[in-house]
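Report on one structure; see the data block that follows.
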Amino acid sequence: MVVIRVVDGREQLFIIGVDGAHPRQITADPYDHEDPAWSPDGKRLAFVAKAGGGEAIVVSKIDGADRRIVSAKGRRAIQPTWSHDGASLFYCTDDDLAPPRKNDSDILRYDFRGGHTRVVITGGVNTYPNLSPDGARLAFRRMVDEVNSEVFIADADGAHARNITNNAAFDGWPAWSPDGRWIAFASNRAGDYKIYVMRPDGSKAALVADTAGRATAPRWSTDGRHILFPVCRRGGPEDGCRILAAPAPKAG
């Protein structure tokens, strides 16, 4: 796994075993690093480097070597995610330029073969892109008003975007299962943010784990048997964040 740990006041990336053992630091720069994403072949990492007052998407080998910026110049970029063939990288522009107000943000696609970048989703606040395993559909989060966000699905080129959560709560952070039959997401529809799953059409929404604290950003294990996610709590003896794993829904 790739995790973020604070070292001397800066967020640095570490690779650790799935049991939490043998941590190995792979960044040691005097700026923060966020949103790490492992390539499908396990040979590269994409992450956000927050240097010089900006944010750029960087791709490197898993030891941190051979870094290069792939995001468009002049745009603050966050939340990289790979296509399942490793040929493309999706990311979005920063929607928090003047918090707490959200600003419009686009979803873009970078093509490694040609080195081209194109806008896929635009119009409003669009974040957390995640491409389906077959490469045909893109899940993402869209703000529909100041207190409500929904999970949307569009064609891979951004066409035919449609709301699949349709809930008054704050839903987001979608992640496709390896077989494409489920989407995990986070929602505060039960109070605290918790992790749920649903079918790609929004049906059969179900709670994955009834955790206390703020649970977001689910990720599937490569075999599809578990969903991993961070849970953060503020104040008290359990202050901080932990990574938990919950059983994924069974086929059916």
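Descriptive notes on the structure:
- The residue that is farthest from Asp155 (Cα to Cα), counting only those in segment 93-113 that are part of a loop (DSSP other than H, G, I, E, B) and of a type in the set (Lys, Arg), is Lys102.
- Among the residues making up segment 206-223, those that are buried (at least 16 other Cβ atoms within 10 Å of the Cβ), in a loop (DSSP other than H, G, I, E, B) and touching a residue at least 40 places away in the same chain (Cβ under 8 Å) are Thr216, Ala217, Pro218.
- Put simply, of Asp66, Asp85, Asp41 the only residue that is touching a Gly at 6+ places or on another chain (Cβ under 6 Å) and either among the charged types (D, E, K, R) or assigned to a strand (DSSP E or B) (or both) is Asp41.
- Total residues in segment 180-198, condition modelled with pLDDT under 95 and over 17 Å from Cys232 (Cα atoms): 1
- Taken over segment 61-75, the criterion of being surrounded by 17 or more Cβ atoms within 10 Å (Cβ to Cβ) and touching a strand residue (DSSP E or B) at 6+ places or on another chain (Cβ under 6 Å) is satisfied by Val70, Ser71, Ala72, Arg75.
- Unmet criterion (only one of (1) under 15 Å from the mean Cα position of the chain (by Cα); (2) hydrophobic (A, V, I, L, M, F, W, C); (3) under 14 Å from Ala56 (Cα atoms)) for Trp82: (3)
- Qualifying residue in segment 189-203 (condition: within 16 Å of Met1 (Cβ to Cβ) and exposed (fewer than 15 other Cβ atoms within 10 Å of the Cβ)): no
- Within segment 15-31, the set of residues being buried (at least 18 other Cβ atoms within 10 Å of the Cβ) and either in a strand (DSSP E or B) or touching a helix residue (DSSP H, G or I) at 6+ places or on another chain (Cβ under 9 Å) (or both) comprises Ile15 only.
Okay, residues lined up against (1) among the β-branched types (Val, Ile, Thr); (2) under 18 Å from the mean Cα position of the chain (by Cα):
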| position | (1), (2) |
| --- | --- |
| Arg101 | no, no |
| Arg118 | no, no |
| Val125 | yes, yes |
| Ser149 | no, yes |
| Asp157 | no, no |
| Ala161 | no, no |
| Lys194 | no, yes |
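- Hey, Val58 surrounded by 17 or more Cβ atoms within 10 Å (Cβ to Cβ), at pLDDT 95 or above and under 24 Å from Met143 (Cβ atoms) or not: no
The values are calculated or read from the model by the stated rules, or taken from the named source; none is laboratory data. Note that the structure is predicted; figures quoted are calculated from it, not measured. Backbone-built Cβ (ideal geometry, glycine too); neighbour counts: all protein chains shown.
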